[in-house]
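The values are calculated or read from the model by the stated rules, or taken from the named source; none is laboratory data. Because the structure is a prediction, the values reported are computed rather than measured. Don't worry about glycine lacking a Cβ; one is built from the backbone with ideal geometry, like all the others, and counts go over all protein chains shown.
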Amino acid sequence: MAFFAVDPALYRRYKDQILELSNSFQRDRNEHLPPGQRRPGLSDREIAEQLGLEERVVTEIRCVAERDRYGLDEWERAIEFKRKACRDYVETKILRFLKPSDQ
């Protein structure tokens with residue numbers, strides 16, 4: 001397994017910008033804006049191009065910054081939210097197609 005490290009000064013300089021530009025922050029505000037004003041999160045490659053960094057550096061900074069920013073309880077809440085959303089989808093969308101028709 002390869003080891004990749006980012007200079008701590010580079011991390012501190014770019015971590016907030018990278019998180020802000022990425023999909024790390026998922027906000028509803030874009031859904032309420034007119035299509036011409038929406039700004040979806042950028043990919044690591046797009047962020048790298050915008051900031052003049054290598055994509056691998058952006059990916060490393062984003063991953064470490066996400067772990068630094070969000071506590072374990074927030075990760076656990078996100079996992080439970082996704083599990084519930086999947087269960088609800090199966091129960092409401094998929095299972096109704098698998099039940100025999102009453103007609």
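Annotations
- Screening the stretch 1-14 for residues that are assigned to a helix (DSSP H, G or I) and not charged (D, E, K, R) and picking the one that is modelled with the lowest pLDDT gives Pro8.
- Residues of the stretch 62-103 that are in a helix (DSSP H, G or I), modelled with pLDDT under 85 and more than 30 Å from Arg13 (Cβ to Cβ): Tyr89, Val90, Glu91, Thr92, Lys93, Ile94, Leu95, Arg96, Phe97, Leu98.
- Only a single criterion out of (1) of a type in the set (S, T, N, Q); (2) surrounded by fewer than 13 Cβ atoms within 10 Å (Cβ to Cβ); (3) in a helix (DSSP H, G or I) is not satisfied by Gln17, namely (2).
- Failed condition for Leu19, given (1) modelled with pLDDT under 80; (2) in contact with a helix residue (DSSP H, G or I) (Cβ under 8 Å, 6 or more places away or on another chain): (1)
- Close Cβ contacts (under 9 Å, 6 or more residues apart or on different chains) running from residues in the stretch 48-71 that are closer than 13 Å to Ala5 by Cβ to residues that are hydroxyl-bearing (Ser, Thr, Tyr) comprise Val57/Tyr14; Glu60/Tyr11; Ile61/Tyr11; Ile61/Tyr14; Val64/Tyr11.
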